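*Asks:* One structure follows; several queries about it will come next.
The numbers here are math on the coordinates, done by the rules we state, and not lab data. Computed from a predicted structure; not experimentally measured. Heads up, the Cβs are rebuilt from the backbone with ideal geometry, glycines too, and the neighbour counts pull from every protein chain shown.
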Protein chains: 2
Amino acid sequence: MANIKDVAERAGVSVATVSRVLNGHSPVAETRDRVLAAVRELGYRPNNVARALRTARTGALGLIISDLTNPFFTELADAVEDEARSLGYSLVIGNAGERPAQQDDYIRTLLDRRIDGLLVSSAGTGSAMLSEVVASGTPLVLLDRTVPGVDAPCVRADGRAALTELAAHLAALGRRRPAIIVAPAGTPTGDERLDLFRTALAAHGIALPDERVGATPDLQHTGGRRVMSDFLDLAEPPDAVLATDNLMALGAMDELRARGLRVPDDMALVVYDDVPWFTHTDPPLTAIAQPTRELGRAAVHTLLARIEGRPADPVLLPARLVTRRSCGEPPIG
Amino acid sequence: MANIKDVAERAGVSVATVSRVLNGHSPVAETRDRVLAAVRELGYRPNNVARALRTARTGALGLIISDLTNPFFTELADAVEDEARSLGYSLVIGNAGERPAQQDDYIRTLLDRRIDGLLVSSAGTGSAMLSEVVASGTPLVLLDRTVPGVDAPCVRADGRAALTELAAHLAALGRRRPAIIVAPAGTPTGDERLDLFRTALAAHGIALPDERVGATPDLQHTGGRRVMSDFLDLAEPPDAVLATDNLMALGAMDELRARGLRVPDDMALVVYDDVPWFTHTDPPLTAIAQPTRELGRAAVHTLLARIEGRPADPVLLPARLVTRRSCGEPPIG
DNA sequence: ACCACCCGTGTAATCGATTTCGTAGCCCCC
DNA sequence: GGGGGCTACGAAATCGATTACACGGGTGGT
């Protein structure tokens, strides 16, 4: 591949001039045309590695995602990729697979690659390496999940309004024994969703006792199914279940179907994260829709603000309740 | 961040020695310990950008995926990422969004970044830039989709056995009027699947006339739904439909449900790509399962072979028929 | 005891760009 | 006509690593 020296020789100028022409720095003279002609004839493209070394800017962003096969994160990654590209950045993706060790590993290689900034949707609470990122001065923005003790803005959705609305919805439909499937206590996201839901229900005089709070260490399908099974074995099973993740909701649905129970007749079901698939289930599931693509976009912008040294505030976008038929009563619209 | 010079000074040696120690080249002497100590004390990590410039190896692979939100490609990307990481490579992902122009754009920036190799699951038939990749000498491997006229090995699944089995399955269940939803004529993947299916059916004396071949320019949900709608409006509607992509199958299911038709009673449905979600639909869908993760792994290995100058043959892995209940008759197992 | 060799290490070139600094030429003005 | 200020450009330093080459000193062979 041709390099800048080849171009300079062919155009009969110095490499400095070529660089200046290409970066639009100073010259407007007729050498300009000669340089551009040489570039065209040789099919020259600047070597980004060399440029990055000199300018200390790689033009690449890193994204650590906790589970790429989870549709919510897929959409998030897609949105981030889209926005990054449209702003001239490439995206190096790392899949943590919900394993903190692998996440740390990945963060390290991304730092070694001198990415310009890092977006992390953190697995677990592994913050050791995250503090190191902050210390290294690499701009960092947390995505979807906060990590206590890490000094970086977080971009995520606020479920308060949606959960309040959901509590009202359930109350109006006469559901008196709600339950929730969450991540284990200690996970910031899970704790928050539980607290908000409980508070919202209380406003309608509905309790959410601990026996109807089911935690799954794996945030997966199997965990959701097991918790639902436990719920159904209670002396007084719940009449409505909120799954705080789409995979867990899938598992819960499978358990219901396996027992021959029907939604919404025997059990109301609500899912956190409105992935497109849920409009195709039977019945379509009422969902708490996070503004996924907006979150991705906002995260990129926040990160760019940090990269350019502008102030970057945390972003909190409201989630919405999307009522379908899985709690009974077709929506009015 | 500390650089190699800082380490050299602190250890009282030259930068060359530090480099040699770190790359395990020659010394085993006691300077080695001094160097390692200095590295630890300073928290030194080699700058990959500088290293890449010198060695002409970035340790990054590029992956162009035609649609990241399509679960099949998500799983493919996930598998590629996993394998690449475990072999010490990072992955720069580009989402072509089924737009050839965007794909070309992305390929160009990846080349500028001097990735060590490129995997492409090509959108459309846009091969202009792909030929340029080959010309540039960057190792290239095609994934899932062949591109005529591009001299690069392709890693993909072979549907022959599965489609043969499917034809037998449908014949045995008495389905006499099969139909297929495919990409428009001219798309290598679509053409091949149509031909194989038609041939396999013919062996059982079953015809696949053109009126039961529905093409959708968008390989999406809406296209699948529209084609299914057309099928149902035929004087003699089909009694079995093969959707050659999971999104199109979703659309087809929606149309059936909207018309109050039932699977498998009123219509048998088979989906290409066995994404996990389809085991949760009601009824679970019979599917042609491509060995997605194996494809991803094989693609990375083939690419590495090319990178290291070893011979790299095309890879063709067999797809399997997974019978569930969407054509009638529960599976025997 | 001398020579050849090898081992461990340092010096400096190199990768391909950007950027600082210096300079030649030109215009303008007093 | 000479000094000041531009403009357009080249020479060379620089980013942070790897590596070819040179060199000193110890070792072994004869």
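*Asks:* Just the Cα atoms of the range B:194-250: what Rg and Dmax do they give in Å?
*Replies:* 11.6, 32
*Asks:* At a temperature of 37 °C and a viscosity of 0.692 mPa s, determine how fast the range A:89-241 diffuses translationally according to Stokes-Einstein, using the Kirkwood radius over alpha-carbon pairs as Rh; express D in µm²/s, rounded to the nearest whole number.
*Replies:* It comes out at roughly 187 µm²/s.
*Asks:* Related question: Any idea what the residue B:137 label distances to the other copies are, label 7 Å down the Cα→Cβ vector, nm, shortest first?
*Replies:* Nearest first, the other copies' label points are 3.6 nm away.
*Asks:* What relative contact order, as a whole-number percentage, does the range B:90-170 give when Cα pairs under 8 Å and 6 or more residues apart are counted?
*Replies:* Relative contact order comes out at 22 percent.
*Asks:* Does anyone have the angle between helix B:71-86 and the longest principal axis of chain B? Alpha-carbon axes, 0 to 90°, nearest 10?
*Replies:* 20 degrees
*Asks:* Would you mind computing Rg(Cα) / (2.2 N^0.38 Å) for the range B:32-171, counting N as its residues?
*Replies:* That works out to 1.35 for the range B:32-171.
*Asks:* In addition: In nm, what does the list of distances from residue A:279 to its counterparts in the other copies look like, shortest first, when each label sits 7 Å along Cα to Cβ?
*Replies:* Computed spacing set for this position: 2.7 nm.
*Asks:* Tell me the relative contact order for the range B:102-252 as a rounded percent, counting alpha carbon contacts under 8 Å between residues six or more apart.
*Replies:* 19 percent
*Asks:* Can you give the net charge of the other residues whose Cβ lies under 12 Å from the Cβ of residue B:286, counting K and R as +1 and D and E as -1?
*Replies:* Summing Lys/Arg as +1 and Asp/Glu as -1 gives +1.
*Asks:* Here's something else I'd like to know. Counting partner chain Cβ atoms within 10 Å of every residue's Cβ in B:273-280, what's the average?
*Replies:* 3
*Asks:* Name the residues whose placed amide hydrogens come within less than 5 Å of the amide hydrogen of residue B:118, ignoring near sequence neighbours (fewer than 5 apart) on the same chain.
*Replies:* The answer is B:62, B:140, B:141.
*Asks:* If you split all Cα-Cα distances of the range B:218-333 into 5 Å bins from zero, what percentages do you get per bin, shortest first?
*Replies:* Calculated P(r), rounded to whole percents: 2, 11, 19, 19, 15, 10, 8, 6, 5, 3, 2, 0.
*Asks:* Here's a follow-up. Search the structure for amide H atoms under 5 Å from the amide H of residue B:241, placed 1.01 Å from N in the peptide plane, and list their residues when 5 or more places away or on another chain.
*Replies:* Under 5 Å from the amide H of residue B:241: B:179, B:268, B:269, B:270.
*Asks:* What list of ³J(HN,Hα) couplings, whole Hz, do you get for the range B:158-173 from phi and the Karplus terms 6.51, -1.76, 1.60, once you set θ to phi - 60° and write x for glycine and proline?
*Replies:* 9, x, 3, 4, 5, 6, 4, 5, 4, 4, 4, 4, 5, 4, 4, 8
*Asks:* Suppose every K and R has +1 on its Cβ and every D and E has -1 on its Cβ; what is the size of the dipole of the range B:262-333 about the Cα centre, in Debye to the nearest 20?
*Replies:* Computed about the Cα centre, the dipole is about 260 debye.
*Asks:* So the label point sits 7 Å from Cα along the Cα-to-Cβ vector; using that for residue B:22, what distances do you get to the other copies, in nanometres, sorted shortest first?
*Replies:* List, nearest first: 2.6 nm.
*Asks:* Okay, next question. Tell me, in nm to one decimal, what length is gained between residue A:316 and residue A:86 on full extension, where the rule is 0.36 nm per residue of separation less the Cα-Cα distance?
*Replies:* 80.5 nm
*Asks:* Which residue, B:81, B:192, B:41, tops the fluctuation ranking in a GNM of chain B built on C-alpha contacts under 10 Å?
*Replies:* Taking springs between Cα atoms under 10 Å, the residue moving most is B:41.
*Asks:* At 0.692 mPa s and 37 °C, plugging the Kirkwood radius over alpha-carbon pairs of the protein assembly as shown into Stokes-Einstein gives what diffusion coefficient in µm²/s?
*Replies:* 120 µm²/s
*Asks:* For the range B:12-102, what is Rg from Cα atoms divided by 2.2 N^0.38 Å, rounded to two decimals?
*Replies:* 1.59
*Asks:* So what does log10 I(q)/I(0) come out to for chain B at q = 0.08, 0.11, 0.12, 0.14 Å⁻¹, using the Debye formula with one equal point on every Cα and no solvent?
*Replies:* -0.48, -0.75, -0.84, -1.05
*Asks:* Just want the answer: with Cβ charges of +1 for Lys and Arg and -1 for Asp and Glu, which residue in B:223, B:111, B:43 is farthest toward the dipole's positive end in chain B?
*Replies:* B:43
*Asks:* A further question on this structure: Give me the Kirkwood hydrodynamic radius of the range A:4-45 in Å, from all C-alpha pairs, to one decimal place?
*Replies:* When all Cα pairs of the range A:4-45 are included, the Kirkwood radius is 9.7 Å.
*Asks:* So who's got an amide H within less than 5 Å of the one on residue A:326, skipping anything under 5 residues away but keeping other chains? H placed 1.01 Å off N, in plane.
*Replies:* A:286
*Asks:* Under a Cβ-Cβ cut-off of 12 Å, what is the net charge of the residues other than residue A:191 that fall near it, where Lys and Arg count +1 and Asp and Glu count -1?
*Replies:* With Lys, Arg at +1 and Asp, Glu at -1, the neighbours total +1.
*Asks:* As a test of the formula, what do you get for chain B when each DSSP H run with n ≥ 4 contributes -39,500 (n - 2.57) and the sum is divided by the residue count, at 222 nm and rounded to the nearest 500 deg cm²/dmol?
*Replies:* Estimated from H runs of four or more residues: -13500 deg cm²/dmol.
*Asks:* Charges on Cβ only, +1 for Lys and Arg, -1 for Asp and Glu, centred on the Cα centroid of chain B; of B:250, B:133, B:199, which one is farthest towards the dipole's positive end?
*Replies:* Comparing the listed Cα positions along the dipole, B:133 ranks first.
*Asks:* Using +1 at the Cβ of each Lys and Arg and -1 at the Cβ of each Asp and Glu in the protein assembly as shown, identify which of B:122, B:166, A:167 lies farthest towards the dipole's positive end.
*Replies:* B:122
*Asks:* On average over all directions, what projected area in square nanometres does the range B:158-290 have, based on the convex hull of its Cα atoms?
*Replies:* 7.2 nm²
*Asks:* What list of ³J(HN,Hα) couplings, whole Hz, do you get for the range B:46-53 from phi and the Karplus terms 6.51, -1.76, 1.60, once you set θ to phi - 60° and write x for glycine and proline?
*Replies:* Running phi through 6.51 cos²θ - 1.76 cosθ + 1.60 with θ = phi - 60° gives x, 7, 5, 5, 4, 4, 5, 4 Hz.
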